[in-house]
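As structure tokens, the structure follows; a few thoughts come after it.
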Amino acid sequence: MSTSADIPMVRVKDVYKSFGDLRVLDGISFDVTRGEVLAIIGPSGSGKSTMLRCLNFLEEHDAGEILIEGEPLGYRVRADGSRVREPEAEIARMRSNVGMVFQSFNLFPHRSVRENITMAPVSVKHVDKAEANARAEVLLEKVGLADKIDEYPSRLSGGQQQRVAIARALAMEPKVMLFDEVTSALDPELVAEVLTVMQQLAEEGMTMVIVTHEMQFAHDVSDRLMFIDGGKVIEEGNPAKLLAKPKSPRLKEFLHRFRASFN
Amino acid sequence: MFDILIANLPYLMKGTVQTLWLAVVGVGLGTLLGMGLGVTSAMIGGGVPALIGTYVFIIRGIPVLVWMFLAYYMLPQLGLVVGDVTAVIGALVLYTGAFVTEIARGAVMAVPRHQTEAAKALGMRKFTMLRLVILPQAVTLSIPPLLNNSVMMIKATSYVSVVGVWELTYAAREVVERTLAAFQIFLGVMLIYFLICYPLTLAARYLEKRYSYEH
């Protein structure tokens with residue numbers, strides 16, 4: 001008997017994914033345990049974003065298996081190795097457990113901040129409207145935007161929009177949160193406010209998978225750092241160690257080039 | 001100077017009522033049909049979009065006047081005995097529907113992919129996503145072309161007179177044949193069509209403002 005505490009929150013088992021002839025994920029495997037913050041770094045085109053998008057089935061893996069808290073995502077693998085696509089309702093249910101924050105915020109422009117946050121809980125989880133509203137207020141307080149509740153997204157700065165997007169994802173009470181280069185589209189002075197919210201979430205014990213270019217942030221906040229290239233995990237481990245003493249030539253080169261860009 | 005027009009105005013107004021009726025039924029039903037087909041075509045896969053595309057292609061490729069004749073003369077040949085009004089309304093509905101299908105499909109496709117991804121990531125199923133995220137944004141995008149199309153089709157109702165269906169243009173021709181006052185009668189008719197279509201243009205502008213939001 002395994003208890004739920006033994007089951008990894010996310011398990012990626014030998015996942016492959018190609019876009020046409022281009023193989024983006026090449027037999028990648030890793031686990032994310034409950035409460036863990038995993039940061040994924042890698043050069044552009046390394047497959048890190050695709051990997052993240054596979055974790056809520058926005059990209060469909062070609063082979064292998066992805067499990068969220070032990071439940072298969074998107075495809076169920078039969079005993080004989082063949083796979084069956086899950087019905088749409090099941091995919092949607094699985095996705096509602098996985099929060100995602102995008103690089104380009106993707107707030108709903110035709111709805112106020114409040115409605116952006118309450119829309120999914122009310123329509124997907126059938127949460128009572130008043131309750132969803134109360135929760136939206138709490139979440140906005142948490143991301144420091146309580147006064148913006150009735151604004152429309154277009155009236156907010158990038159950093160504010162991204163914090164609303166985080167609140168929107170949290171409103172579904174996900175088991176794991178995915179962050180896809182969430183500060184890349186922000187002006188430099190707005191990056192910190194978003195990272196602060198993420199750090200707070202990490203401290204609260206949220207399971208997080210973060211694809212990022214913010215090396216310092218990855219170093220400070222993540223429990224584990226994973227360097228991927230060519231659709232494979234090249235090196236992973238303690239962030240401080242990994243960044244200080246990379247073993248693989250590819251990570252060395254990546255970090256070298258990364259640091260050089262600051263000189 | 002306009003005494004003949006004024007004397008015949010009640011008769012022309014009767015024709016106007018008939019024109020409005022044709023417009024409301026033909027353009028209204030056609031718009032509903034097109035919205036349904038357009039959204040369906042944009043949302044589902046398989047052979048359905050191709051089928052809908054064929055309908056659009058065939059209807060749009062032939063002038064509405066020819067469709068009036070076809071509806072009027074062809075249906076009885078096929079053993080379908082329908083009234084002449086029903087036949088031309090059918091033609092108007094199908095014709096409007098074809099254009100609206102493309103407008104609706106285009107509007108749905110124009111909603112950024114990021115929006116559907118965000119909705120999916122929140123666990124929304126297709127219908128919920130359509131209702132809460134895609135359609136509200138698509139409606140905003142489609143108001144101007146839809147109203148424009150309605151104005152076009154209201155004017156196209158004048159074609160029904162060629163197969164003997166009575167409405168404003170037909171009534172005007174009757175009056176002209178009787179009075180020979182073509183200039184003032186058609187001036188009046190022009191004004192009446194303008195008075196029907198202009199408020200729609202204003203409504204389009206109002207709705208566009210009312211439902212617009214900054215991106």
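The values are calculated or read from the model by the stated rules, or taken from the named source; none is laboratory data. Please read all numbers here as calculations on a predicted model, not as lab measurements. A quick note on method: Cβ atoms are made from the backbone with ideal geometry, for glycine too, and the neighbour counts reach across all protein chains shown. The protein model used for the area step is the full one, side chains on, heavy atoms only, and it has no ligands, DNA or RNA in it. Shrake-Rupley method; radii C 1.70, N 1.55, O 1.52, S 1.80 Å.
Under the classification rounded if a/c is under 1.5, otherwise prolate if a/b is larger than b/c and oblate if not, where does chain A fall, given a ≥ b ≥ c as square roots of the Cα gyration tensor eigenvalues? If you can, show how the numbers build up before the last one.
On the way: a/c = 1.80, a/b = 1.17, b/c = 1.54.
Taking the square roots of the gyration eigenvalues as a ≥ b ≥ c, chain A is oblate.
Determine, from the Cβ-Cβ distance of A:V77 and A:E151 and an R0 of 60 Å, the FRET efficiency 1/(1 + (r/R0)^6), rounded to the nearest 0.05.
Values: r = 45 Å, r/R0 = 0.76.
Calculated value: 0.85.
Within the range A:95-139, which residues have the backbone N less than 18 Å from the label spot 7 Å out from B:A110 along Cα→beta-carbon, could you tell me?
Flagged as within label range: A:109-111.
Checking the cross-link filter: which lysines have an alpha carbon closer than 23 Å to that of B:K155, excluding same-chain neighbours under 8 positions apart?
Straight-line reach from B:K155, under 23 Å: B:K14.
Taking a cut-off of 18 Å between Cα atoms, list the aspartates and glutamates near A:K247, but don't count ones fewer than 8 places away on the same chain.
Cα-Cα hits under 18 Å: A:D229, A:E235, A:E236.
I'd like the mean, over residues of A:100-109, of how many other protein chain beta carbons sit within 10 Å of each residue's own Cβ.
Working: counts 5, 2, 4, 1, 4, 2, 9, 3, 9, 8.
The per-residue average across the peptide is 5.
Please report, in Å, the Rg and the Dmax of the protein assembly as shown, where both are computed over Cα atoms only.
Answer for the protein assembly as shown, Rg first and Dmax second: 30.2, 101 Å.
When ranked by the protection proxy of mean other Cβ atoms within 10 Å per residue, highest first, what sequence do the peptides B:2-8, A:6-12, A:148-154 form? Spell out each step's value before the answer.
Working: B:2-8: 14.9, A:6-12: 18.7, A:148-154: 16.4.
Averaged packing, sorted descending, gives the order A:6-12, A:148-154, B:2-8.
Carbon and sulfur together cover what percent of the accessible area of the protein assembly as shown at a 1.4 Å probe radius?
Values: 13590 of 22980 Å².
Roughly 59 percent, rounded to a whole number.
Taking the Cα centre of chain B as origin and charging only Cβ (+1 Lys, Arg; -1 Asp, Glu), how large is the dipole, in debye to the nearest 20?
Numbers: 14 positive and 9 negative charges, 147 e Å.
Value, rounded to 20: 700 debye.
In a GNM of chain A with a 10 Å cut-off on Cα contacts, which of A:L139, A:L156, A:L242 has the highest mean-square fluctuation?
A:L156
Would you list, by chain and number, the lysines whose Cα falls below 26 Å from the Cα of B:K120, excluding same-chain residues fewer than 8 positions away?
Qualifying lysines at Cα under 26 Å: A:K13, A:K17, A:K48, A:K125, A:K129, A:K142, A:K148, A:K175.
Amide H neighbours of A:I234 under 5 Å, at least 5 residues apart or on other chains, H built in the peptide plane: list them.
Result for A:I234 returns A:F227, A:I228, A:D229.
Kindly compute the accessible surface that chains B and A hide from a 1.4 Å probe when together, both sides summed, and give it to the nearest 100 Å². It would help to have the intermediate numbers written out before the result.
Values: alone 12300 and 12750 Å², together 22980 Å².
What B and A bury together is about 2100 Å².
Debye sum, Cα scatterers, chain B, no solvent: what log₁₀ I/I(0) at q = 0.12, 0.15, 0.18 1/Å?
-0.73, -1.00, -1.23
Given 0.36 nm per residue, what is the gain on full extension from A:E189 to A:E203 after removing their alpha carbon distance, in nm? Working shown, then result.
Details: separation 14, 0.36 × 14 = 5.04 nm, distance 2.30 nm.
Extra length from A:E189 to A:E203 when fully extended: 2.7 nm.
Buried by at least 20 Å² relative to the chain on its own: which residues of the range A:153-200 qualify, computing accessible area with a 1.4 Å probe on protein heavy atoms?
A:S154, A:R168
Which value in nm describes the separation of the simple spin-label points at A:D220 and A:K232, placed 7 Å from the Cα toward the beta carbon?
So the label points at A:D220 and A:K232 sit 3.4 nm apart.
Need one word for the range B:38-164: rounded, prolate or oblate. Basis is the Cα gyration tensor (sqrt eigenvalues a ≥ b ≥ c); a/c below 1.5 gives rounded, then a/b vs b/c decides. Don't skip to the answer; put the middle values down first.
Details: a/c = 3.27, a/b = 2.21, b/c = 1.48.
Prolate.
Per residue of A:86-99, how many C-beta atoms from partner chains lie within 10 Å of its own C-beta, taken as a mean?
Values: counts 0, 0, 3, 2, 0, 3, 9, 2, 1, 7, 5, 1, 3, 3.
For peptide A:86-99, the averaged partner shielding equals 3.
For B:M152 and A:S44, FRET efficiency with R0 = 51 Å and r from the beta-carbon atoms, rounded to 0.05? Please report the intermediate quantities before stating the final value.
Values: r = 48 Å, r/R0 = 0.95.
About 0.60, to the nearest 0.05.
Within the range A:120-149, which residues have the backbone N less than 17 Å from the label spot 7 Å out from A:K175 along Cα→beta-carbon, could you tell me?
Those under the cut-off are A:125.
Shielding by partners for B:113-119, please: the mean number of other protein chain Cβ atoms within 10 Å of each residue's Cβ. Intermediate results must be reported in sequence, preceding the final value.
Values: counts 1, 6, 5, 2, 7, 14, 8.
Per residue, the average neighbour count from other chains is 6.
Obtain the nm distance between the two label points defined at B:A203 and A:D128 by a simple spin-label model: each point lies 7 Å from its Cα along the Cα-to-C-beta direction.
Those two pseudo-labels are separated by 4.1 nm.
Can you work out the accessible area per residue across the protein assembly as shown, with the rest of the protein chains kept in place, probe 1.4 Å, in square angstrom?
Details: 22980 Å² over 478 residues.
Result: 48 Å² of accessible area for each residue.
Among A:A165, A:A79, A:A39, which one shows the biggest mean-square fluctuation in a GNM of chain A, springs joining Cα atoms closer than 10 Å?
A:A79
Relative to the isolated chain, which residues of the range B:192-215 have their accessible area cut by 40 Å² or more in the presence of all protein chains (1.4 Å probe, heavy atoms, no ligands or nucleic acids)?
Listed in order, they are B:Y213, B:E214.
Helix-derived [θ] at 222 nm for the protein assembly as shown: sum -39500 (n - 2.57) over DSSP H runs of at least 4, divide by residue count, nearest 500? Spell out each step's value before the answer.
Numbers: 18 runs with 266 residues, N = 478.
Helices in the protein assembly as shown give a 222 nm mean residue ellipticity of -18000 deg cm²/dmol.
Quick check on packing: order B:46-55, A:25-34, A:48-57, A:181-190 by the mean number of other C-beta atoms within 10 Å, highest mean leading.
Values: B:46-55: 12.9, A:25-34: 18.1, A:48-57: 23.0, A:181-190: 16.0.
The packing order, highest mean first, is A:48-57, A:25-34, A:181-190, B:46-55.
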